[in-house]
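S.K.: Let me give you the structure first, and then I'll get to my questions.
The values are calculated or read from the model by the stated rules, or taken from the named source; none is laboratory data. Not measured: the values here are computed from a predicted model. Please note: Cβ atoms are built from the backbone with ideal geometry, for glycine as well, and neighbour counts cover all protein chains shown.
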Amino acid sequence: MASSSRWTTADIPAQSGRTAVVTGANTGLGLATAEALAERGAHVVLAVRDTDKGKRAADEIAAAHPDATVTVQSLDLGSLRSIRAAADELEAAFPRIDLLINNAGVMYPPKQTTEDGFELAFGTNHLGHFALTGLLLENLLAVPGSRVVTVSSQGHRIRAAIHFDDLQWERRYNRVGAYGQSKLANLLFTYELQRRLDSRNTVAVAAHPGVSNTELMRHLHLPSAFNPLIGLLTQSATKGALPTLRAATDPNALGGQYYGPDGLGEIRGYPKLVGSSEQARDPELARRLWTVSEELTGVTFPFS
């Protein structure tokens, strides 16, 4: 086993008999996460918006790992209708879910709204995952040791606030602020979910990938002169997925913890426990966001 400062996929315990649902698993961090879990024996469900890309990703994993069990589930996190349909299908197919990895996301897009009229980053990154988790929670609660892992970002510290007076950025859109709001919401959700889970079978954990060179960066539109720097300042999707994988599989991980890279500024490196902003730890803010999220999605969690 590697030392705690050099945790790698070699440290993932055997996952045979476990079911893992990974959102946004057809590319980048999600694909790297799904492949590592499949390699260790988990039945991995690639929950993706584009099922053709999902099938190609499943074929890619199967080619590299012939014994892997991978299925594809249609899921558009920008559509509550799609989320409910996917949850119904997943509930029926997998009465017991060991891991739900809320990985999919958008970063710095031009101003857009989801099918339900939510600002794209907030609707996809937070509200979509909030709804999916609530709809699948009973399947997770059936499994001792099950986990909900939500991928946040260092963006939760950058121009980040929960703008309750304009959650959908209808008055004035700022893509950095909108992304920061969504990533702050990911952490507030994780910590509040853990408080509400209390001593139940399931725990909620968060992770962030540092700065990884994936399709998520496609909206940055950096000048070509920055291309050489991107390779120096970022890490691969395989390395960026390690904090998520540790949060999902490390036997010592606890509910309410947050994993990220151990390098300078948490930009790159091996996964370790990291801290989050004071705002992200505000329980009153988290409770208020939870109530609003229930109202916007129409999803309530089965805690009674």
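S.K.: Out of all the residues in the stretch 113-132, which are within 15 Å of Leu167 (Cβ to Cβ) and part of a loop (DSSP other than H, G, I, E, B)?
M.R.: Hits for the stretch 113-132 are Thr114, Asp116, Gly117, Phe118.
S.K.: Take the residues of the stretch 182-203 that are closer than 12 Å to Ala280 by Cβ and touching a His at 6+ places or on another chain (Cβ under 9 Å): which is surrounded by the most Cβ atoms within 10 Å (Cβ to Cβ)? So that I can check it myself, show each step before the final result.
M.R.: Applying the first criterion (closer than 12 Å to Ala280 by Cβ) to the stretch 182-203 yields 183-192.
Those left that are additionally touching a His at 6+ places or on another chain (Cβ under 9 Å): 183-189.
On the way: Lys183: 27, Leu184: 28, Ala185: 30, Asn186: 26, Leu187: 23, Leu188: 27, Phe189: 26.
By that ranking, first place goes to Ala185.
S.K.: Can you pull out the residues in the stretch 5-39 that are among the hydrophobic types (A, V, I, L, M, F, W, C) and crowded, with 24+ Cβ neighbours inside 10 Å? If you could, list the steps in order and put the result at the bottom.
M.R.: Of all residues in the stretch 5-39, those among the hydrophobic types (A, V, I, L, M, F, W, C) come to 7, 10, 12, 14, 20-22, 25, 29, 31-32, 34, 36-38.
Ala20, Val21, Val22, Ala25, Leu29, Leu31, Ala32, Ala34, Ala36, Leu37, Ala38 - these are the residues of the stretch 5-39 that are among the hydrophobic types (A, V, I, L, M, F, W, C) and crowded, with 24+ Cβ neighbours inside 10 Å.
S.K.: Now for a different question. Can you find a residue in the stretch 133-148 that is surrounded by fewer than 24 Cβ atoms within 10 Å (Cβ to Cβ), in a helix (DSSP H, G or I) and charged (D, E, K, R)?
M.R.: The answer is yes; a qualifying residue exists.
S.K.: Could I ask something else about it? Inspect the stretch 60-74 for any residue being in contact with a Phe, Trp or Tyr (Cβ under 9 Å, 6 or more places away or on another chain) and at pLDDT 95 or above and give the result as yes or no.
M.R.: Start the filter on the stretch 60-74 by keeping residues that are in contact with a Phe, Trp or Tyr (Cβ under 9 Å, 6 or more places away or on another chain), which leaves none.
Checked the stretch 60-74: no residue is in contact with a Phe, Trp or Tyr (Cβ under 9 Å, 6 or more places away or on another chain) and at pLDDT 95 or above.
S.K.: Do any residues in the stretch 60-84 that are under 30 Å from Thr113 (Cβ atoms) have Cβ atoms under 6 Å from those of residues that are modelled with pLDDT of 95 or more and among the charged types (D, E, K, R), where the two are at least six apart or on different chains, and which pairs are they?
M.R.: If the second residue must be modelled with pLDDT of 95 or more and among the charged types (D, E, K, R), the pairs left are Val72/Lys55; Asp76/Arg49; Gly78/Glu115; Ser79/Glu115; Leu80/Asp116; Ser82/Asp76.
S.K.: I've got another one for you. Looking at the stretch 75-109, which of the residues that are surrounded by 20 or more Cβ atoms within 10 Å (Cβ to Cβ) and among the acidic types (Asp, Glu) is nearest to Thr27 (Cα to Cα)?
M.R.: It comes out as Asp76.
S.K.: I'd like to check which helices (runs of 4 or more DSSP H) are fully inside the stretch 201-302 and have at least 2 residues that are out of contact with any strand residue (DSSP E or B) (no Cβ under 8 Å at 6 or more places or on another chain), among the aliphatic types (A, V, I, L, M) and at pLDDT 95 or above.
M.R.: Per the criteria, 283-297.
S.K.: Still on this structure, I have one more. How many residues does the stretch 1-54 contain that are assigned to a loop (DSSP other than H, G, I, E, B), among the small types (Gly, Ala, Ser) and on the phi < 0 side of the Ramachandran plot? Talk me through it step by step, then tell me what you get.
M.R.: Narrowing the stretch 1-54 to residues assigned to a loop (DSSP other than H, G, I, E, B): 1-3, 7-8, 12-18, 24-27, 40-42, 49-50.
Cutting the leftovers down to among the small types (Gly, Ala, Ser) gives us 2-3, 14, 16-17, 24-25, 41-42.
Adding the requirement that they be on the phi < 0 side of the Ramachandran plot leaves 2-3, 14, 16, 25, 42.
Of the residues in the stretch 1-54, 6 are assigned to a loop (DSSP other than H, G, I, E, B), among the small types (Gly, Ala, Ser) and on the phi < 0 side of the Ramachandran plot.
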